[in-house]
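**Student:** What follows is a structure written as structure tokens; I'll ask about it next.
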Amino acid sequence: MPADDRTVDPRAPLRQLVSMERDVLVLSAAMFAFSLGFQMTSRYVPRYLSVLGAGAGIIGLYGSLGNLISAVYPYPGGAVSDRLGSRRALTAFGFLSALGFLFWLLAPRLGTVAVGPLAVPPWTWIFVGLFLTQAWKSFGLGATFAVVKQSVPNEELAAGFASTETFRRVGFLVGPLLASGLIAYASDFTLGFQWVLAAAVAFAAAGTAVQHFRYDPAADSIGEEFEGVRQVLDDLRGLPAELRPLLVADVLVRFANGMAYVFFVIVVTEFLNGGDGVGFTGFGVSLSPEAFFGVLLGVEMLVALLSMLPVSRLAERVGLKPVIAVGFAVYATFPVLLVNAPGDQWVLVALFAYSGLRFAGLPAYKAMIVGPAEKEAGGRVTGTYYLVRNAVGIPSTAIGGAIYAFSPTLSFTLATVVGLLGTGYYVAFGREFVAYA
């Protein structure tokens, strides 16, 4: 699509970001704050569980519980945002997430608790806190999509999502690097991660305040009252035709990713290099495998940030489908490449840079989901889509964990096979959103 007066050179992302509608900009700032909290913590939680005594099976169950929450939360969250307005919904969800990070911070201090004849181990509290930390990310998913849908014309949806995704991915870049620095500075991983969690509480509180006081609720469009299970079924049947092949492919790709995702940190810190993990030595510094993992996540996000805005513009010219398909292919192939990687620090840097390309297509992917929806139903359509996708993926991490306990290589290889099946399906049957055709 030719550039017009409303578009900005993708090589100048900051100018594009500030040219967006106020509500999109406020949402982007909140996304940055919450992304800092999530990315400082979430990718390290499997390692945190391991230190607290959890095995591969328990870590897999943790991932599947996260999948369950991701499946259950978006639909009611989207319905709430459509009914009550995005500001009030996002404020409530942000407050719950801040409480969740605080719960994780206190979990080791709670220690083992005796309940009758049973001893509840410390890692149990991480599971409890997960229900709260996911509130803004999952309950608020529909609300965040709806804000962009209400503020940006259909023909500029990819650019609108590029704005929010850029802020979000800057958080993905800075968060792991900040966590890496805190962990490297601390005397041990547990102490360093406690510092990380304290920072996450502060960032979540700041994000909640920004969106509550700066977001303009006058722009909210209020949908119809939620009618319960019947409405869920009606919304499932009423998904736009463009979403159906995307949903089938996405289910397979995300199921595959779920089998391996929570174990990436375990592979880097406990599996590669003969079980010693891979650290980093060079440029006058020496990093433990845990600290190096944060740097790898930073590399991944740097590539995502550099590619996201140009690719969103490319999607407007060549269509959303090819961009989404490439992202799916990167998702699918990364696990098998990682688990078979040599214990070399620079090979891992290259692999995580490659992994960053999977995020380049996210603005196009999100535009494909919410683009066909009616303006007042953007939250529910998004919630319905993620309800189906995440519900099917609930057992993926538990399955991956069970296989990982037997053979990490087999687990990650199977994940790649499933992901490639999903990618192939989308290439064969995916449909284009007509606004970009």
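**Student:** Based only on Cα atoms, what Rg/Rh ratio does the stretch 267-311 have, Rh being taken as Kirkwood's radius?
**Tutor:** That ratio is 1.13, to two decimals.
**Student:** Within the stretch 274-352, list the chymotrypsin sites (Phe, Trp or Tyr not before Pro) lying in a DSSP loop whose Cβ has at most 12 other Cβ atoms in a 10 Å radius.
**Tutor:** Sites meeting the loop and neighbour criteria: PHE283.
**Student:** Taking R0 as 35 Å, what FRET efficiency do you get between PHE213 and VAL128 from their Cβ-Cβ distance, rounded to the nearest 0.05?
**Tutor:** In this case the efficiency is close to 0.70.
**Student:** Nearest 0.05, what FRET efficiency do THR409 and VAL349 give at R0 = 22 Å with Cβ-Cβ as r?
**Tutor:** E(calc), rounded to 0.05, equals 0.55.
**Student:** For the stretch 302-374, compute Rh as the Kirkwood radius over C-alpha pairs and then the Stokes-Einstein diffusion coefficient at 20 °C and 1.002 mPa s; write the answer in µm²/s, rounded to an integer.
**Tutor:** Result for D is 164 µm²/s.
**Student:** Same structure again: With the calculation restricted to Cα positions, what are the radius of gyration and Dmax of the stretch 244-289 in angstrom?
**Tutor:** Radius of gyration, then largest Cα-Cα span, for the stretch 244-289: 16.5, 52 Å.
**Student:** Also, quick follow-up: Figure the gain on full extension for ASP188 and LEU236 (residue separation times 0.36 nm, minus the Cα-Cα span) and round it to one decimal in nm.
**Tutor:** Taking ASP188 through LEU236 to full extension adds about 12.5 nm, to one decimal.
**Student:** R0 = 35 Å: FRET efficiency of ALA202 with THR281, Cβ-based, nearest 0.05?
**Tutor:** 0.60
**Student:** Sticking with this one: Just round it to a whole percent: the fraction of Cα-Cα distances in the stretch 248-348 exceeding 23 Å.
**Tutor:** 38 percent
**Student:** Starting from the Cα-Cα distance between LEU421 and LEU106, subtract it from 0.36 nm times their residue separation and give me the gain in nm to one decimal.
**Tutor:** Gain on extension, LEU421 to LEU106, equals 109.2 nm.
No value in this document is a laboratory result; all are computed from the given coordinates. Predicted model only: the values in this text are computed from it and were never measured. Reconstructed Cβ throughout: ideal geometry from the backbone, glycine too, with neighbour counts over all protein chains shown.
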